[in-house]
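The values are calculated or read from the model by the stated rules, or taken from the named source; none is laboratory data. Source: prediction; values computed, not measured. Using ideal geometry, Cβ is built from the backbone for each residue, glycine included, and neighbour counts are taken over all protein chains shown.
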Amino acid sequence: MAEMLEIRWHGRGGQGAKTAALLMAEAAAAAGKHIQAFPEYGPERMGAPVASYNRISDEPIRLHCGVESPRYVAVLDATFVGTIDFTAGVPDDGVIVINTTESPAEMRPKLGLKSDSIRLYTVDANGISQETIGRAIPNTPMMGALVKATGVLDLEELLEDTKQKLEKKFRNKPEIVEGNLEAIRRAYEEVQGE
Amino acid sequence: MSEVKDTAANQERTALTGNEAMAEAMRQIEPDVVAAYPITPQTEIVQIFSTFVSDGLVKTEYVPVESEHSAMSACVGSAASGARSMTATSANGLALMWEILYIASGTRLPIVMPVVNRALSGPINIHCDHSDTMGARDSGWIQLFSENAQEAYDNMFQAVRIAEHPDVLLPAMVTTDGFIISHGMEVVNTLDDRVVRDFVGEYKIPRNLLDVDNPITVGPLALQDFYFEHKVEQAHAMMRAKPVVQEIAEEYEKLTGRKYGYFEEYRLEDADVAVVVLGSTAGTAKVVVDDLRKEGIKAGLLKLRVFRPFPYEELREAVKHVNVIGVMDRSDSFASIGGPVFSELRAAMYDMDQRPLVTNYVYGLGGRDVDLHMIESAFRELLSIQDSGKVEQYVNYLGVRE
């Protein structure tokens, strides 16, 4: 990859936007990339809109400023549609992935995108995580959807690294690890694009 | 920052936040005592370290004190007793340590402390600027600044060696930019535990309180008779720290392949205009330098790593050919002639026959983002100063609302 890729994650406090950015970065680093993952910090509280970011590159990354025009955007909460401008700065060749039960065709008119060439993907990450993990925690399935929509990483590399990281975190709960991996895989398969 | 080379250090490529990198460095140093109190954005460092203690990965005596004042006091006591002692803090926590900072340095105790730079209240703010450690610049502590998580990690080991060097015996703080580095994940090349153990060596101070065969007094009264001599000896120790910084950096480079010094020169050798900057913004500014070079503009950068001891002779030599310098300060010194880095560099250049013109950019207070456009605009101003030959204003506030 010649260019530096930038991803912006939008979620609500508790949905795992920060963790998604960290896991994504770790997986990319394990695949030999240079990475950054950083959250936007404010007064943290459950349910409040939060953002986090990734930079991924083959070269060392020196930038330490905010991400202004990310090519890739992951929206973990469909209630942001019409309330938060998650399309800000997205270039014409950008990709937006939204956690919703609606199709991309149903979603597009609601977004008022400045360019028709911005690609739109949707996936029911809440439904998938409910079925695989037992609660609506959309971050890991959104990683799978984002990888499918953007090709920023190889699915198997993401699964392998996420497995290692989650096994460390949930030593005594193997079912959580399995559920998350299944969620990533299902979202990868089920995400729809246009 | 250079890539992993095939060195003896047996390095491992890992993805870590700045706080994780510093906590990992502390695990590898394995100090005898850590006394700390949590404060954002530093909290994670001692929180992670405390899990190392409870998991039995280190034998450190962990003292969960009730304030930063107590944290530094406990470190003073333990360091004087012959124990390698560390703590960590940020902003208001550093401010609460104030009187003990001076006692630590005046008692010549080589305590090492990560400081995650954060703005001082008020108004209340948790984000990065350098006003906390810049305020402590005259407290007698060695100060090493870090651009990224890798440098924070590497600076920790070097700080231990510099502080504990028999010619020095002064406490040292290692800084990272709050949130930008402390909570940002990057690739860090970590060293083997054994390599770190060999590099930092054993904690040996010439005299300690528990050496009953050689009883000493620590922290005595010194009035008009001896206080002054203590302070001058402290000043000499800080001057002696300068060659030690360089010596340790060279040893560390041999071990890891990563080069450190008083400062880093980036495309400075033939620069007409240059910025002087410390911390994470140096990385962003290097990208601006590259962009301007593509336009044929001879832009350069000097990233200051060591603010105490201040390497004024080497700085003079490094910038003597530059026409215009913009010094970037992430803290202000209200209504003096510019921020701390500006006023010290400007004073250092006074004796030069041919001085660069110099102006000051105070930026990023309270975590205000400094992006490529802002830094580029500063460079454009340096170019117009070069044309006019005149500095109109000492202090410019970069990225502030009018």
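Looking at (1) surrounded by 13 or more Cβ atoms within 10 Å (Cβ to Cβ); (2) assigned to a helix (DSSP H, G or I), can you tell me which one A:GLU156 breaks?
Of everything listed in (1) surrounded by 13 or more Cβ atoms within 10 Å (Cβ to Cβ); (2) assigned to a helix (DSSP H, G or I), A:GLU156 misses just condition (1).
Which residue pairs have Cβ atoms closer than 7 Å, lie 6 or more positions apart in sequence or on different chains, and pair a first residue in region A:28-39 that is more than 7 Å from chain B (Cβ to nearest Cβ) with a second residue that is of a type in the set (Val, Ile, Thr)?
Going by the 7 Å Cβ cut-off, the qualifying pairs are A:ALA28/A:ILE35; A:ALA28/A:ILE56; A:LYS33/A:ILE56.
Pairs, please: C-beta under 6 Å, at least 6 apart or cross-chain, first residue assigned by TED's automatic domain parsing to the domain that holds B:GLU229 and more than 15 Å from B:LEU169 (Cβ to Cβ) and in region B:89-109, second of a type in the set (Ser, Thr, Tyr) and in a helix (DSSP H, G or I)?
Correct list of pairs: B:ILE100/B:SER73.
Kindly provide the set of residues from region A:10-21 that are over 10 Å from the mean Cα position of the chain (by Cα) and buried (at least 23 other Cβ atoms within 10 Å of the Cβ), ordered by number.
A:GLN15
When residues of region A:34-65 are filtered for being modelled with pLDDT under 95, under 18 Å from the mean Cα position of the chain (by Cα) and not hydrophobic (A, V, I, L, M, F, W, C), how many remain?
Qualifying residue count for the region: 5.
What is the number of the single condition among (1) modelled with pLDDT of 95 or more; (2) away from chain B (no Cβ under 13 Å); (3) in a loop (DSSP other than H, G, I, E, B) that A:SER115 does not meet?
(1)
Starting from region B:282-304, keep only residues that are in the same structural domain as B:ILE181 (by TED's automatic domain parsing), then list their pairs with residues that are assigned to a strand (DSSP E or B) and among the hydroxyl-bearing types (Ser, Thr, Tyr) whose Cβ atoms are within a distance under 6 Å, requiring at least 6 positions of separation or different chains.
Here the result reads none, with nothing in region B:282-304 linked to a residue that is assigned to a strand (DSSP E or B) and among the hydroxyl-bearing types (Ser, Thr, Tyr).
Rundown of residues vs (1) aromatic (Phe, Trp, Tyr); (2) over 30 Å from B:PRO41 (Cα atoms); (3) crowded, with 18+ Cβ neighbours inside 10 Å, yes/no style:
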{"position": "B:VAL362", "(1), (2), (3)": "no, no, yes"}
{"position": "B:GLY366", "(1), (2), (3)": "no, no, no"}
{"position": "B:HIS373", "(1), (2), (3)": "no, no, no"}
{"position": "B:ARG380", "(1), (2), (3)": "no, yes, no"}
{"position": "B:SER384", "(1), (2), (3)": "no, yes, no"}
{"position": "B:LYS390", "(1), (2), (3)": "no, yes, no"}
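Does region B:179-197 contain any residue that is more than 14 Å from every other protein chain (Cβ to nearest Cβ), under 14 Å from the mean Cα position of the chain (by Cα), outside any strand (DSSP E or B) and farther than 14 Å from B:ALA23 by Cβ?
For region B:179-197, residues more than 14 Å from every other protein chain (Cβ to nearest Cβ), under 14 Å from the mean Cα position of the chain (by Cα), outside any strand (DSSP E or B) and farther than 14 Å from B:ALA23 by Cβ: absent.
Show the residue pairs meeting these rules: Cβ distance below 7 Å; 6+ apart or different chains; first residue within region B:62-73 and within 16 Å of B:ALA104 (Cα to Cα); second residue modelled with pLDDT under 95 and of a type outside the set (Val, Ile, Thr).
none
Conditions first: (1) within 14 Å of chain B (Cβ to nearest Cβ); (2) within 27 Å of A:GLY179 (Cβ to Cβ). A:LEU76 passes all but one, so which condition is the exception?
Result: A:LEU76 fails condition (1) only.
If you go through region B:259-304, how many residues are surrounded by 22 or more Cβ atoms within 10 Å (Cβ to Cβ), within 22 Å of B:PRO243 (Cβ to Cβ) and within 14 Å of chain A (Cβ to nearest Cβ)?
Residues that pass the stated criteria total 2.
Being of a type in the set (A, V, I, L, M, F, W, C), crowded, with 22+ Cβ neighbours inside 10 Å and farther than 22 Å from B:THR281 by Cβ: is that true of B:PHE157 here?
Considered against the rule, which asks whether it is of a type in the set (A, V, I, L, M, F, W, C), crowded, with 22+ Cβ neighbours inside 10 Å and farther than 22 Å from B:THR281 by Cβ, B:PHE157 comes out as yes.
Step by step: first the residues of region B:346-360, then only those that are surrounded by fewer than 20 Cβ atoms within 10 Å (Cβ to Cβ) and among the aliphatic types (A, V, I, L, M), then the one that is farthest from B:GLY178 (Cα to Cα). Which residue is that?
By that ranking, first place goes to B:MET352.
Being hydroxyl-bearing (Ser, Thr, Tyr), touching a residue at least 12 places away in the same chain (Cβ under 8 Å) and outside any strand (DSSP E or B): is that true of B:SER384 here?
No: the conditions fail for B:SER384.
Cβ-Cβ distance below 7 Å, separation of 6 or more or different chains: which pairs start in region B:369-381 with a residue that is facing chain A (nearest Cβ under 7 Å) and end on one that is assigned to a helix (DSSP H, G or I)?
Within 7 Å, the pairs are B:VAL370/B:THR281; B:VAL370/B:THR284; B:LEU372/B:THR284; B:LEU372/B:VAL287; B:LEU372/B:VAL288.
Of all residues being touching a residue at least 60 places away in the same chain (Cβ under 8 Å) and touching a Gly at 6+ places or on another chain (Cβ under 8 Å) in region B:316-332, which is surrounded by the most Cβ atoms within 10 Å (Cβ to Cβ)? Just the residue, please.
Among them, the one singled out is B:ARG330.
Within region B:346-355, is even one residue over 24 Å from B:ALA152 (Cα atoms), away from chain A (no Cβ under 12 Å), small (Gly, Ala, Ser) and not in a strand (DSSP E or B)?
Yes, that holds for at least one residue.
Mind listing whichever residues of region B:133-178 are in a loop (DSSP other than H, G, I, E, B), under 23 Å from B:SER105 (Cβ atoms) and within 14 Å of chain A (Cβ to nearest Cβ)?
Hit for region B:133-178 is B:SER146, nothing else.
May I ask you to list pairs of residues, at least six apart or on different chains, whose Cβ atoms are under 9 Å apart, with the first in region B:110-121 being surrounded by fewer than 24 Cβ atoms within 10 Å (Cβ to Cβ) and the second being charged (D, E, K, R)?
If the second residue must be charged (D, E, K, R), the pairs left are B:LEU120/B:ASP129; B:LEU120/B:ASP132.
For B:VAL195, are the conditions met, namely being surrounded by fewer than 21 Cβ atoms within 10 Å (Cβ to Cβ) and touching a residue at least 60 places away in the same chain (Cβ under 8 Å)?
yes
Among the numbered criteria (1) touching a Gly at 6+ places or on another chain (Cβ under 9 Å); (2) buried (at least 19 other Cβ atoms within 10 Å of the Cβ), which single criterion is violated by B:GLY339?
(1)
Among B:VAL200, B:VAL212, B:VAL218, which is more than 25 Å from the chain's Cα centre (by Cα), among the hydrophobic types (A, V, I, L, M, F, W, C), away from chain A (no Cβ under 14 Å) and surrounded by 12 or more Cβ atoms within 10 Å (Cβ to Cβ)?
B:VAL218 is the lone residue from the list that is more than 25 Å from the chain's Cα centre (by Cα), among the hydrophobic types (A, V, I, L, M, F, W, C), away from chain A (no Cβ under 14 Å) and surrounded by 12 or more Cβ atoms within 10 Å (Cβ to Cβ).
Of all residues being crowded, with 19+ Cβ neighbours inside 10 Å and touching a strand residue (DSSP E or B) at 6+ places or on another chain (Cβ under 6 Å) in region B:55-82, which is nearest to B:GLU24 (Cα to Cα)? Just the residue, please.
Among those residues, the one meeting the criterion is B:THR60.
On the given criteria, is B:VAL289 in contact with a Phe, Trp or Tyr (Cβ under 7 Å, 6 or more places away or on another chain) and modelled with pLDDT of 95 or more?
Here the answer is yes, as B:VAL289 does meet what is asked.
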